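Everything on this sheet refers to the single structure shown next.
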Amino acid sequence: LEKDDVVIKKQGKGTYVKEQKVLYDANSIGSLTQRLSKQKHLLTTQAISFEIIEKEEHFVKDMLNCDKLLCIRRTRLLDNVPFALMINYFDVNTVPDIDKKLNLESLYAFLKEEYNIEFYNAEEIVEAIAANSSQSEKLNIEEGSPLLSLKRLSFDKRDKPIEYSNLVIKADMYKHKIILSNDKIS
């Protein structure tokens, strides 16, 4: 089991089962649900809320070039363990009545089927952060625990910004894979 990276031996302490991390291949656009189901993991939604942001200033309004935002907040479980907090922002006119229709686990599959929205490219920033009190409560971890924050602006085939997302994931359950290539400068 140690060779298979399932357990770890600690001298004088014993043998412990290693917590397995899920691998997120960040080299193509896709939903977390779709990617994790390929790895035989079950990603479910524990809580979901919808909020319209109209009157107050919000940096995402400028990014999506709109006056009214729809904010979808979800708490996600991985194999029944709190795993991630997801916030997705859309121009409310792009996804009318989504709050009455959305009942699927994969938001991206739903957007393609219901609204013919497909993402063609994205800019993503990944950084390490410490859990605040709200995040620690929702993820059932201690305040200050390590989290990974993934902030993504996604575009359609005409290079129009369609969605801004902020995903916060428990760092001990996750690893991010990026393939780099030699970009030769002439």
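The values are calculated or read from the model by the stated rules, or taken from the named source; none is laboratory data. Fair warning: this is a prediction, and the values are worked out from it, not measured in the lab. Counting neighbours? That spans all protein chains shown, and the Cβs are built from the backbone with ideal geometry, glycine included. Only protein heavy atoms, including side chains, enter the accessible area calculation; ligands, DNA and RNA are left aside. Shrake-Rupley method; radii C 1.70, N 1.55, O 1.52, S 1.80 Å.
Only residues that are more than 21 Å from residue 66 (Cα to Cα) and open to solvent by 60 Å² or more (accessible area, probe 1.4 Å) were counted across the range 91-110, and they come to 5. Just to check your reading of the model, which residue among 93, 103 is in a loop (DSSP other than H, G, I, E, B), of a type in the set (S, T, N, Q), over 19 Å from residue 168 (Cα atoms) and without any contact (Cβ under 8 Å) to a residue 24 or more places away in the chain? When all the criteria are applied, what remains is 103. Taken together, the residues in the range 69-107 that are on the phi < 0 side of the Ramachandran plot, at pLDDT below 95, more than 15 Å from the chain's Cα centre (by Cα) and of a type in the set (D, E, K, R) amount to 3. Within the range 112-134, the residues that satisfy the criterion of being among the aliphatic types (A, V, I, L, M) and not in a strand (DSSP E or B) are 117, 131. Checked against the criterion of being part of a loop (DSSP other than H, G, I, E, B) and exposed (fewer than 14 other Cβ atoms within 10 Å of the Cβ), the range 162-175 has no qualifying residue.
Residue 24 satisfies every condition listed in (1) modelled with pLDDT of 85 or more; (2) of a type in the set (Phe, Trp, Tyr); (3) closer than 25 Å to residue 120 by Cβ except (1). Looking only at the range 27-43, count every residue that is open to solvent by less than 30 Å² (accessible area, probe 1.4 Å) and either in contact with a Leu (Cβ under 7 Å, 6 or more places away or on another chain) or at pLDDT 70 or above (or both) and tell me the total. Count: 5. Looking only at residues in the range 122-147 that are hydrophobic (A, V, I, L, M, F, W, C) and farther than 19 Å from residue 89 by Cα, the one that is surrounded by the fewest Cβ atoms within 10 Å (Cβ to Cβ) is 128.
Listed here are the residues, each with its yes/no results for (1) open to solvent by 10 Å² or more (accessible area, probe 1.4 Å); (2) within 19 Å of residue 103 (Cα to Cα); (3) assigned to a strand (DSSP E or B).
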site: 45; (1), (2), (3): yes, yes, yes
site: 49; (1), (2), (3): yes, yes, yes
site: 57; (1), (2), (3): yes, no, no
site: 60; (1), (2), (3): no, no, no
site: 66; (1), (2), (3): yes, no, no
site: 73; (1), (2), (3): yes, yes, yes
site: 76; (1), (2), (3): no, yes, yes
site: 85; (1), (2), (3): yes, yes, yes
site: 89; (1), (2), (3): yes, yes, yes
